1. If you average 1/r over every pair of different alpha-carbon atoms in the chain and take one over that average, what Kirkwood value in Å do you get?
2. Between TRP185 and ARG19, what length in nm is gained on full extension when 0.36 nm per residue of separation is reduced by their alpha carbon distance?
3. List the aspartates and glutamates whose alpha-carbon lies under 14 Å from that of LYS38, not counting same-chain residues fewer than 8 positions away?
4. Using the Cα atoms of the range 192-291 to build a convex hull, what is its mean projected area in square nanometres?
5. Give the lysines reachable from LYS20 as a straight Cα distance under 20 Å; neighbours fewer than 8 places away on the same chain don't count.
6. Can you list which of the chymotrypsin sites (Phe, Trp or Tyr not before Pro) found in the range 171-225 are DSSP loop residues with at most 15 other C-beta atoms within 10 Å?
7. I'd like the FRET efficiency for ASP255 and LYS6, computed as 1/(1 + (r/R0)^6) with the beta carbon distance as r and R0 of 45 Å, rounded to 0.05.
8. Over 29 Å between C-alpha atoms is what I'm after, so list which of LYS94/LYS127; LYS131/LYS166; LYS172/LYS272; LYS58/LYS272; LYS164/LYS194 land there.
Amino acid sequence: MTGYAKIDRNAPCWCGSGRKYKACHMRFDDKIRSYELKGHIVPDRSIIKTPETIEGIKASAKINMACLDAVAEVIREGMSTEEIDRIVYDTTVKMGGIPAPLHYEGFPKSVCTSINEEVCHGIPDEKHILKSGDIINVDCSTILHGYYSDSSRMFCIGDVSEEKRKLVQVTKECVEIGIEEVVPWHFLGDMADKVHQHAKDNGYTIVREIGGHGCGLEFHEDPFVSYVTPPGTEMLMVPGMVFTIEPMVNMGTHDIYEDADNGWTIYTQDGKPSAQWEVQILVTETGHEVLCW
Ligand code: MF3
Ligand code: CO
């Protein structure tokens, strides 16, 4: 663990506070090391955010949420997903940000729009017209001054069946339950298991291969955040960590496949609907703070 190399007690703290290590993060590091010695996965120093970084993420998140608010105001039957992309691009740029998906590993648009059996990473297109009965995830991510924010919401278009409305609602509840389980010195698996249980209680499955992620100084940082792992496993949650909770909840099988033509869009194997909500959350000394939703 290079991240926890010993620092002299009287040397300046690694966090940049200017205080001596012994008066700043020394006890914090010792506590993390005690979990590591017991065999747990612990966060590297590089993913513990400073107060300055957290302020930067919050400013980025303001733009991200403004984009989703702007989409929420106008999204309707007959609109193309290309129009959603334009709203996100214009709102982001007007507020001084950069859409994080644009050109990210070759992604061609500013936002992901995933309809019905599309699980995630749907590519906006003028040929994709929203119709009554559709459910759509709009997944927005922003860069502002190098700080990343990431969140997504579901929208029901026109007359949506009771069955699909319930999937959207239960998926939202899964995220709300996950948020309450973000507690310092608990494990990501504790949170994951509660999220998974709520999906299972409603007869749904959760995608295994894709999940949440650390986010702030990069788009995708450690840890990978699964929702199908048992309590007491996965990374220890410590104050200063920032990650997303974004379960993809399927009405049928959890199996998925990737679009062979565009190399991005993920679909459910059985063609049944999938829903996803995403928040970006900070672990605090006493619990959590949702930074972006
Ligand atoms: N916003 C997605 C996430 O939640 C990532 C999308 S990557 C993209 O992790 F390139 F498809 F935009
Ligand atoms: Co994300």
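The values are calculated or read from the model by the stated rules, or taken from the named source; none is laboratory data. Keep in mind it's a predicted model, so treat the numbers as computed, not measured. Note that we place each Cβ from the backbone using ideal geometry, even for glycine, and neighbour counts take in every protein chain shown. Surface areas here come from the heavy atoms of the whole protein model, side chains and all, with no ligands, DNA or RNA. Shrake-Rupley method; radii C 1.70, N 1.55, O 1.52, S 1.80 Å.
1. Radius from the Kirkwood sum: 19.7 Å.
2. Between TRP185 and ARG19, full extension yields an extra 57.4 nm.
3. List returned: ASP30, GLU234.
4. 7.2 nm²
5. Within the straight-line cut-off, LYS20 pairs with LYS6, LYS31, LYS49.
6. TRP185
7. About 0.45, to the nearest 0.05.
8. Among LYS94/LYS127; LYS131/LYS166; LYS172/LYS272; LYS58/LYS272; LYS164/LYS194, the Cα-Cα distance tops 29 Å for LYS58/LYS272.
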